[in-house]
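Undergrad: Next up is a structure, given as structure tokens.
The values are calculated or read from the model by the stated rules, or taken from the named source; none is laboratory data. Keep in mind it's a predicted model, so treat the numbers as computed, not measured. Positions of Cβ are generated from backbone atoms using ideal geometry, with glycine treated the same way; all protein chains shown enter the neighbour counts. The protein model used for the area step is the full one, side chains on, heavy atoms only, and it has no ligands, DNA or RNA in it. Shrake-Rupley method; radii C 1.70, N 1.55, O 1.52, S 1.80 Å.
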Amino acid sequence: MPISFRKHDEFFTFHDPMQDGKLIDRKTEIRFDPLTGETSRIIFDPGAPFVPKDYSELAKATEGKKCPFCAENVSKITPRFPDELVEGGRFVGKEAVVFPNLFPYSKHNAVVRMSEQHYVKPEEFTEELISDSFKAAHQYIEKVLEFDAKTEYVSINWNYLPPSGGSILHPHIHVLASEQPTNYQAAVTSNSHAFYEVEGVNYFTSLVAEERTIGERWIGKAGSIDWMHAFAPKSHCDFIGVFEAASFNELTSDSYEDLAKSLLRFFSYFKEVGLESFNAAMFIPVNKHGAEQVHFRLIPRMTIGALETSDMNVFNYLHGEPLSLKAPEVVAGDAAKFF
């Protein structure tokens, strides 16, 4: 079988004080990513509920004059693009405003201010608000590709709320474009091409077919996007959306509207289980190739316990080993109800 879902179980034996000192074997499940071979660990879930935090008071303390993305500031104190790239220095949509990142992560790095409203709760996002923001990002990417022919790697990225690493509460997304890939882009590109050379088919479309057939991690389809949970997740949940579009030029207005509809469904799932913060990224091949496909990853973020401990630790950062409390098959079944 060209796609392999491989895992390895390990057991730790000890006397459990929570079970009157009973000798138990507790399992850690090590899973191998079907494309890259990188490992993730499914660890014991103590069953503690996710508890979302209300950021309303923080929103009041940071909005208006204190926020560079609020209406009175966005056209005054945010950076401007050179006129040869964007006439007037900024793209302005219905509510979206696109401008340079003052502290860039990449050769080309735009910020898309998504809404007029400073704090938008997950249930307050609308299909139009999300799709218009991603369409504005698309417009910027078009200009970059015209301006810089060396650009090969493009992504649209979203850090939502402080647990995600978002430094400004006002909703915004980042657009990155460069001739240099991130580690993820490099790994996916090289392994996807290797898979294509051996199997003669596209990895992502093959993954969709395989996961739909198996059904264990399959979530559903929203227009032109197939959704599933990652077999070897990069966090406690890890949703993958595979677009019908293979490259940037195949993305249409409908593509972003399908994405917006999908995200609203995931936000409904988040509300049910007590999640709200997340990291998300849309990975977009610039040039069409049989080995590549536009895809999206969505990973909820949370803090843990009374100390509001980060959900990321030495395993994630120094071992490069994601941890997940949740079994992908259970999460997929729960999320699928919203599709």
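Undergrad: For the range 79-151 and the range 251-290, what is the separation of their C-alpha centers, rounded to whole Å?
TA: 17
Undergrad: OK, next. For the chain, what is the mean residue ellipticity at 222 nm derived from helices alone (per DSSP H run of n ≥ 4: -39500 (n - 2.57); sum divided by total residues; nearest 500 deg cm²/dmol)?
TA: Computed mean residue ellipticity for the chain: -8500 deg cm²/dmol.
Undergrad: With a 1.4 Å probe and all protein chains left in place, how much of the accessible area of the chain comes from carbon and sulfur atoms, in whole percent?
TA: 53
Undergrad: Is the range 1-55 rounded, prolate or oblate when judged by the Cα gyration tensor, a ≥ b ≥ c being the square roots of its eigenvalues, rounded requiring a/c under 1.5 and prolate requiring a/b larger than b/c?
TA: Oblate is the answer for the range 1-55, as a/c is 1.5 or above yet b/c matches or exceeds a/b.
Undergrad: What nm value, rounded to one decimal, do you get for the distance between T62 and E152 when each label is placed 7 Å out toward the C-beta?
TA: Result: 3.7 nm between the two label points.
Undergrad: Here is a follow-up. Just by accessible area at a 1.4 angstrom probe, what is the order of I240, I214 from largest to smallest?
TA: I214, I240
Undergrad: Rolling a 1.4 Å sphere over the protein heavy atoms, what is the accessible area per residue of the chain, to the nearest Å²?
TA: 48
Undergrad: To test your reading of the geometry: what angle, between 0 and 90 degrees and rounded to tens, separates the Cα axis of helix 183-199 from the longest principal axis of the chain?
TA: 70
Undergrad: If pairing requires two Cys Cβ atoms under 4.7 Å apart, which cysteines of the chain are left without a partner?
TA: Isolated Cys, the chain: C237.
Undergrad: Would you please put 55-62, 322-329 in order of how densely packed they are, using the mean number of other Cβ atoms within 10 angstrom per residue and starting with the highest? Can you show the working numbers first?
TA: Working: 55-62: 13.0, 322-329: 19.4.
Result, highest mean Cβ count within 10 Å first: 322-329, 55-62.
Undergrad: For I77 and S310, calculate 0.36 nm times their separation in residues minus their Cα-Cα distance, and state this gained length in nm to one decimal.
TA: So the extension gain works out to 80.7 nm.
Undergrad: Place +1 on the Cβ of every Lys and Arg and -1 on the Cβ of every Asp and Glu in the range 94-133, take the dipole about the Cα centre, and give the residue among T126, F103, S115 whose Cα lies farthest towards its positive end.
TA: Positive-most Cα among the choices belongs to F103.
Undergrad: Given a 1.4 Å probe and heavy atoms of the protein chains only, how would you sort H295, H289, largest accessible area at the top? Can you show the working numbers first?
TA: Details: H295 5, H289 75 Å².
Sorted by accessible area, descending: H289, H295.
Undergrad: Could you tally the net charge around A177, taking each other residue with its Cβ under 13 Å from the Cβ of A177, Lys/Arg +1 and Asp/Glu -1?
TA: -2
Undergrad: Once you list every other residue whose beta carbon is under 15 Å from the beta carbon of D33, what net charge do they have if Lys and Arg are +1 and Asp and Glu are -1?
TA: Charge balance near D33 sits at +1.
Undergrad: Sticking with this one: Please give the charge dipole size of the chain, origin at the Cα centre, charges +1 on K and R Cβ atoms and -1 on D and E Cβ atoms. Round to the nearest 20 debye.
TA: 560
Undergrad: For the chain, just say rounded, prolate or oblate: build the C-alpha gyration tensor, square-root its eigenvalues into a ≥ b ≥ c, call rounded for a/c under 1.5, and beyond that prolate if a/b exceeds b/c, oblate if not.
TA: Oblate.
Undergrad: If you don't mind, there's one more thing I want to ask. Under a point spin-label approximation (7 Å from Cα along Cα-to-Cβ), what is the H319-L23 distance to one decimal in nm?
TA: 2.6
Undergrad: What full-extension length gain, to one decimal in nm, is calculated for E124 and K53 as 0.36 nm per residue of separation minus the Cα-Cα distance? It would help to have the intermediate numbers written out before the result.
TA: Working: separation 71, 0.36 × 71 = 25.56 nm, distance 1.56 nm.
Answer, rounded to one decimal: 24.0 nm.
Undergrad: Determine the alpha carbon to alpha carbon distance for each of K135/K234; K53/K135; K76/K135; K94/K337 and list only those over 25 Å.
TA: Beyond 25 Å between Cα atoms: K135/K234; K53/K135; K94/K337.
Undergrad: May I ask you to compute the full-extension gain from F339 to I168, defined as 0.36 nm times their residue separation minus their alpha-carbon distance, rounded to one decimal in nm?
TA: 58.5 nm
Undergrad: For a Förster distance of 22 Å, can you work out the FRET efficiency between the beta-carbons of S268 and K221, rounded to the nearest 0.05?
TA: Plugging the Cβ-Cβ distance into 1/(1 + (r/R0)^6) gives 0.85.
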